[in-house]
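The values are calculated or read from the model by the stated rules, or taken from the named source; none is laboratory data. Nothing here was measured: the structure is a model prediction, and the numbers come from that model. A quick note on method: Cβ atoms are made from the backbone with ideal geometry, for glycine too, and the neighbour counts reach across all protein chains shown. In case anyone asks, the SASA skips ligands and DNA or RNA and just uses the protein heavy atoms, side chains included. Shrake-Rupley method; radii C 1.70, N 1.55, O 1.52, S 1.80 Å.
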Amino acid sequence: MADFKNILTDVKNGVLHLTINREDKMNALNFETLEELKEIFEDVSDTKEIKAVIITGSGEKAFVAGADISEIASLNEVNARKFAENGQEIFSMIENCHKPVIAVTNGYTLGGGCELAMACHMRIATANAKFGQPEVNLGIIPGYGGTQRLTILIGRGKANELMMTGDMIGAEEAKNLGLVNHVLPTKEEALAKAEEIIAKILSKAPLAIGMIIDCVNSAFVPDENGFQTEANSFARCVKSGDYKEGTSAFLEKRQPHFKGE
Ligand code: COA
């Protein structure tokens, strides 16, 4: 993988570790960082050695404290729409990636940072993580899919409260609301938990994992019939070698060896 200015990349045991690396700016997402994320996720699908992705932020203070306010301070109506659509497109790429993507969030996970975490398939937080959509304090609203994904994850009432007040919530409350999957005391432990979950997922049939991602996502696309997507995906699964391997292994009382074919 190429070197990037704002994101550190490291592939370990098939897992691409992405670290948003603007620590002095609380890892705020500037345009350049977003473009780098786009470039990376364009490659993830086609790169065989990469089987999963973990996204985290540099340092102990923040995962990502939002879009870079110095850049959004001078938007006009035309480029503001483009700004939102571009961010939405990049975060949808993450959400629709067929390889599992987990956010490990430490410290401030605000605005575009919360939206980035919500675009990932799961979130694991450290005990010091703080989540919020404080855009209303700037006279704007979330623009990278936050109004939609937060509502889907925690429900309308709580989503309204968080976005309208701009309040931050702690990791335990975020877990109780369904915003995060697990809370661990430290970043090291949170990363270890993400790696443990990924190792388990990677022992399963890769094509089925990609289809689970499609089907779950399709539950939230109003024009799509998720049940139809599920039935079609189920039918596609049985054409795979992994289906034959999984069912044979069960009947032969042995562990399956999936090839993603
Ligand atoms: N965009 C650009 N810069 C940001 C930023 C953001 N979203 N969040 C933090 N920074 C910068 C600060 O400007 C500061 O830079 P400086 O040292 O050059 O002045 C640096 O990161 C440290 O932030 P600071 O505010 O001094 O730290 P703090 O511990 O007092 O407060 C936060 C931390 C996260 C509570 C506070 O920075 C904040 O409210 N950030 C904005 C969050 C937000 O509104 N996000 C949504 C944006 S749409």
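Some notes on this structure:
- Any chance ASP214 is at pLDDT 95 or above, closer than 30 Å to ASN128 by Cα and either within 24 Å of the chain's Cα centre (by Cα) or not polar (S, T, N, Q) (or both): no
- Against the list (1) within 9 Å of the ligand (Cβ to nearest atom); (2) closer than 23 Å to VAL44 by Cβ, the condition VAL104 fails is (1).
- Listed by position, the strands (runs of 3 or more DSSP E) inside segment 111-176 whose residues that are within 30 Å of ASN79 (Cβ to Cβ) number at least 2 are 130-132.
- Just one residue in the set GLU189, GLU196, GLU173 is open to solvent by 30 Å² or more (accessible area, probe 1.4 Å), within 22 Å of CYS97 (Cβ to Cβ) and either at pLDDT 95 or above or within 18 Å of the chain's Cα centre (by Cα) (or both); that residue is GLU196.
- Of the residues making up segment 60-81, those that are among the acidic types (Asp, Glu) and within 11 Å of the ligand (Cβ to nearest atom) are ASP68, GLU71.
- Scanning segment 40-86 for residues that are open to solvent by 80 Å² or more (accessible area, probe 1.4 Å) and in contact with a strand residue (DSSP E or B) (Cβ under 9 Å, 6 or more places away or on another chain) gives GLU49, LYS51, GLU60, LYS61.
- For ALA84, the stated conditions do not hold, so it cannot be described as over 26 Å from SER233 (Cβ atoms), assigned by the TED database to the domain that holds ASN181 and near the ligand (Cβ under 9 Å from one of its atoms).
- With respect to the stated conditions, GLU60 fails to be farther than 18 Å from GLN133 by Cβ, acidic (Asp, Glu), free of Cβ contacts under 8 Å to residues at least 40 places away in the same chain and assigned by the TED database to the domain that holds LYS187.
- When GLU77, GLU42, GLU36 are checked against the criterion of being in contact with a Phe, Trp or Tyr (Cβ under 6 Å, 6 or more places away or on another chain) and of a type in the set (D, E, K, R), GLU36 stands alone in meeting it.
- Looking only at segment 87-103, and only at residues there that are of a type outside the set (A, V, I, L, M, F, W, C) and closer than 22 Å to GLU32 by Cβ, the one that is surrounded by the fewest Cβ atoms within 10 Å (Cβ to Cβ): GLU89
- Among the residues of segment 202-243, those that are open to solvent by 40 Å² or more (accessible area, probe 1.4 Å) and outside any helix (DSSP H, G or I) comprise SER203, LYS204, ALA219, PHE220, VAL221, PRO222, ASP223, GLU224, ASN225, VAL238, LYS239.
- Output for segment 1-59, where each listed residue is among the hydroxyl-bearing types (Ser, Thr, Tyr), within 16 Å of the ligand (Cβ to nearest atom) and touching a Ser or Thr at 6+ places or on another chain (Cβ under 9 Å): SER58
- Count of segment 1-30 residues which are over 18 Å from GLY107 (Cβ atoms), open to solvent by 60 Å² or more (accessible area, probe 1.4 Å), over 18 Å from the mean Cα position of the chain (by Cα) and not basic (Lys, Arg): 3
- Of all positions in segment 249-256, at least one carries a residue that is part of a helix (DSSP H, G or I), of a type outside the set (Asp, Glu) and open to solvent by 30 Å² or more (accessible area, probe 1.4 Å).
- Candidates GLY157, GLY146 - the one that is within 16 Å of the ligand (Cβ to nearest atom) and either open to solvent by 20 Å² or more (accessible area, probe 1.4 Å) or under 16 Å from the mean Cα position of the chain (by Cα) (or both): GLY146
- Selected residue (only one of ILE90, ILE40, ILE69 is in contact (Cβ under 8 Å) with a residue 40 or more places away in the chain and either within 27 Å of CYS215 (Cβ to Cβ) or within 18 Å of the chain's Cα centre (by Cα) (or both)): ILE90
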